[in-house]
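Here's the structure we're looking at; comments come further down.
None of the figures in this text is laboratory data; all of them are computed from the coordinates on show. Note that the coordinates shown come from a computational prediction; the quantities given were computed from them, not determined experimentally. Please note: Cβ atoms are built from the backbone with ideal geometry, for glycine as well, and neighbour counts cover all protein chains shown.
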Amino acid sequence: MKRKKQRKHSDPAKQFRDKQQKVLAMGIGVVGLIVLVWWAADSFLGDDTVDVTVPELSRVASAGKTAFDANCAQCHGDNAAGSESGPPLVHDIYNPGHHGDAAFYAAAKRGVRQHHWSYGNMPAQPQLSDEEMAAIIRYVRELQVANGITYKPHNM
């Protein structure tokens, strides 16, 4: 004759605690997954915007802001803070020792291949005159200085 295994009846309070722990562990796992997906999406989408302090601008930089807003802000964001379409220019990568004024002129005149960021290539901006470019560069440089970005020698 076969014996049936007897099932142990455990304490209902212990069963409840065990279920609570499993639900809590699953909840923590779900929250962790959500945070991981959010972080990955943010990195993939390239949102590299920065907070920018806007100083009192010189006359030339004020003209540069007007030209920047009309020609550059669509990609580089308000006050050169970056956007989902282009990088911030108020960033240490663009300090005058790494990207001198001539690099800004060349980028506007010829466009530039993607190299520091994952936004794609920047198209040329042939509608900008040399005078407008000089004013835009002055605007960007004044923003950079106001935000602690100064000349640093470029070392590779």
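So how many residues does region 74-88 have that are among the hydrophobic types (A, V, I, L, M, F, W, C) and either part of a helix (DSSP H, G or I) or more than 20 Å from residue 142 (Cβ to Cβ) (or both)?
First, pick out the residues of region 74-88 that are among the hydrophobic types (A, V, I, L, M, F, W, C): 75, 80-81.
After this cut, where a residue has to be either part of a helix (DSSP H, G or I) or more than 20 Å from residue 142 (Cβ to Cβ) (or both) as well, the list is 75, 80.
Within region 74-88, residues that are among the hydrophobic types (A, V, I, L, M, F, W, C) and either part of a helix (DSSP H, G or I) or more than 20 Å from residue 142 (Cβ to Cβ) (or both) number 2.
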Among the residues of region 62-72, is there at least one that is over 15 Å from residue 133 (Cβ atoms) and either surrounded by 16 or more Cβ atoms within 10 Å (Cβ to Cβ) or among the polar types (S, T, N, Q) (or both)?
-> yes
Give 93, 136 a once-over and let me know the one that is in contact with a Cys (Cβ under 9 Å, 6 or more places away or on another chain), touching a residue at least 12 places away in the same chain (Cβ under 8 Å) and in a helix (DSSP H, G or I).
-> 136
